[in-house]
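Take a look at the structure below.
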Amino acid sequence: MRGLLYVFSALIVMALGYWAYHENYTTQTSIREVRSLHREIGEAHEKLGVLRAEWAYLNRPDRLRDLAELNFDRLGLLPLMPDGFGRVDQVTFPPEPLFPVVNPIEVSSDARAGEEPL
């Protein structure tokens, strides 16, 4: 009986060792994936910063004014002036959407008084 208990205990220890070994490698793989994702996120933030800087550079008011003057004949663009804008009360807003019918009630024209529709 004691021998069986020793063998069973040894098997349990080996199974736990295998489980710990497997969990260790799974954890290391997950950590590598997280590091890779962090690296990708950092690169994306870097690219986003560059794109924002380029956008700010390309949308400088003096550059846009020069482009509007350069392409006036072809595009007919005018420089932005404060009197070129309308007032808020002149803006027409779209009508509000109607709410959908959720629980329709059927009304029948041939329903007789005192009888309930089917």
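Every number in this text was worked out from the coordinates using simple rules, so none of it is lab data. Only a predicted model underlies this, so the values are computations on that prediction, with no experimental measurement involved. Please note: Cβ atoms are built from the backbone with ideal geometry, for glycine as well, and neighbour counts cover all protein chains shown.
Taking the inverse of the average 1/r across all pairs of different Cα atoms in segment 2-73, what Kirkwood radius in Å do you get?
Hydrodynamic radius (Kirkwood, Cα only) of segment 2-73 equals 18.0 Å.
What is the angle, in °, between the Cα long axis of helix 61-70 and the longest principal axis of the Cα atoms in the chain? Nearest 10 is fine, range 0 to 90.
50
Which of the listed residues, 24, 67, 44, is farthest toward the dipole's positive end in the chain, when Lys, Arg count +1 and Asp, Glu count -1 at the beta-carbon?
Projecting each Cα onto the dipole axis, the largest value belongs to 24.
How far is helix 2-58 tilted off the main Cα axis of the chain, in degrees rounded to 10, range 0 to 90?
Value to nearest ten degrees: 20.
Would you compute, from DSSP H runs of 4+ residues alone, the mean residue ellipticity of the chain at 222 nm, taking -39500 (n - 2.57) per run and dividing by the full residue count, rounded to the nearest 500?
Rounded to the nearest 500, it is -21000 deg cm²/dmol.
So which chymotrypsin sites (Phe, Trp or Tyr not before Pro) in segment 39-105 are both in a DSSP loop and have at most 12 other Cβ atoms within 10 Å of their Cβ?
Hits after loop and neighbour filter: 85.
At most 14 other Cβ atoms within 10 Å plus a DSSP loop assignment makes a site exposed; report the longest stretch of the chain without any exposed GluC sites (Glu not before Pro).
1-105
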